[in-house]
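Okay, structure first, notes after.
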Amino acid sequence: MGRTSWQWISVLTTIAIGICAGVVLEEPDCPPGLPFVNCTLSPCDVDAAVCEAFPDALCRADYCGGCVAKFYDRHDDGTEVHCELDVGIICENKNTTLSCVDNSHVMTVVSAMYGRQSDQVCRHPYGQEKLHNDTNCSAKNATEIVTGLCDGQYSCHPTANNAVFGDPCYGTYKYLEVDFTCDLPDAANAPISVLGPFIVVFAVCLSLHVSLV
């Protein structure tokens, strides 16, 4: 039995309402602390959605916690790439690996800021000034949190979002800025991977000494 004209009007109206309300009609399974946001426009469909460090990266929209354009390696689309030219900057709802160039050194966190101190860093693809106007915004415990994650590590993988740091300025598109130095590990607190060769050599020398006594 075919649909009546009124039934077709009802179906088309429902579809139109769904499209007007947002681009996502099926809610994704978002992690705790990052509620689903039904955006009116895909963040990947605007001209400003570019990845400076990897211009050919594949853009995929993420609607958990906001309208976020995430970029992935085209040759390995399971790997998210870090688009910011400054390695210590991570835009909101993104993550990256922070590490020292010399893998024999560990990180010492000097400071960390989650919020917004500049209207030019981590510009949201939508380009709305209201998302960047508050430049006096920072979470109070950012340094403590990042120190716990990264201090003394060869690398760490912090995520910049409100679930981790809280929301110091609602409605502002934020970023995480980490200032760290790279230092030789303290032998007393060095990871096993650093002390391992020394322990092996010491054990061999000790066994030889005992056998000669």
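Quick notes
- Residue match in the range 87-109 (condition: over 14 Å from the mean Cα position of the chain (by Cα) and free of Cβ contacts under 8 Å to residues at least 24 places away in the same chain): no
- Strands (runs of 3 or more DSSP E) lying entirely in the range 58-154 (those with 1 or more residues that are open to solvent by 50 Å² or more (accessible area, probe 1.4 Å)): 58-62, 68-73, 76-80, 106-116
- Each residue in the range 155-167 was checked for being surrounded by fewer than 19 Cβ atoms within 10 Å (Cβ to Cβ) and not in a helix (DSSP H, G or I), and 5 pass.
- Gly65 meets each of the listed conditions (1) in contact (Cβ under 8 Å) with a residue 60 or more places away in the chain; (2) out of contact with any strand residue (DSSP E or B) (no Cβ under 9 Å at 6 or more places or on another chain) apart from (2).
The values are calculated or read from the model by the stated rules, or taken from the named source; none is laboratory data. In this text the structure is predicted, and so the values were computed from the model without any measurement. Here the Cβ is made from the backbone with ideal geometry for all residues, glycine too, and neighbour counts use every protein chain on show. Calculation scope for accessible area: heavy atoms of the full protein, side chains included, ligands and nucleic acids excluded. Shrake-Rupley method; radii C 1.70, N 1.55, O 1.52, S 1.80 Å.
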